[in-house]
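See below for the structure under consideration.
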Amino acid sequence: MAPRQVILDTNILFLPFKFKIDIMRELDYLIEAHHRYVISSKTIAELKKLGKRVGKDGMAARLALKLVEANKSRIDIVESSVHVDDWIVEYSKANRAIACTNDSDLRKRLRALDIKVVTMKSKSKLGFV
């Protein structure tokens, strides 16, 4: 059986920097099914752009890129030309993927379509909404 796809949004990738959460370990614990991570090419481009900034966002983006690089054997980068949020909704719907995001508007859009969503539950844990 093909692994369940788990989409990582930009803001989820910032959690290790902001809250010292090991998101890969948390997600592996939370998602019992065999899974692979998926990131939009636009998310990577956004992280690279943010990574050039000075300050906390720049540092968070650089750390997020290092996290993606360190886990590249488990993460697929999918080419995308649409806005990241729209891509996440479309990709989740088409592939029954689990979406990981802290964006409240995006969470509402996904939940309205009955798509499983993982978000930050507390300052140290992730969970399904």
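What number goes with the only condition from (1) under 15 Å from the mean Cα position of the chain (by Cα); (2) closer than 15 Å to Asn11 by Cβ; (3) touching a residue at least 12 places away in the same chain (Cβ under 8 Å); (4) exposed (fewer than 14 other Cβ atoms within 10 Å of the Cβ) that Thr119 does not pass?
Condition not satisfied by Thr119: (4).
So which residues in the stretch 73-129 are among the polar types (S, T, N, Q) and more than 19 Å from Ile21 (Cα to Cα)?
Ser73, Ser80, Ser81, Ser92, Asn95, Ser104
Would you confirm, using the coordinates I've provided, whether Leu110 is of a type outside the set (Ser, Thr, Tyr), closer than 12 Å to Leu8 by Cα, modelled with pLDDT of 95 or more and part of a helix (DSSP H, G or I)?
So Leu110 fails the test.
The values are calculated or read from the model by the stated rules, or taken from the named source; none is laboratory data. This one's a predicted model, so the numbers in the text were calculated from it and none came from an experiment. As a convention, Cβ positions derive from the backbone with ideal geometry for all residues, glycine included, and neighbour counts pool all protein chains shown.
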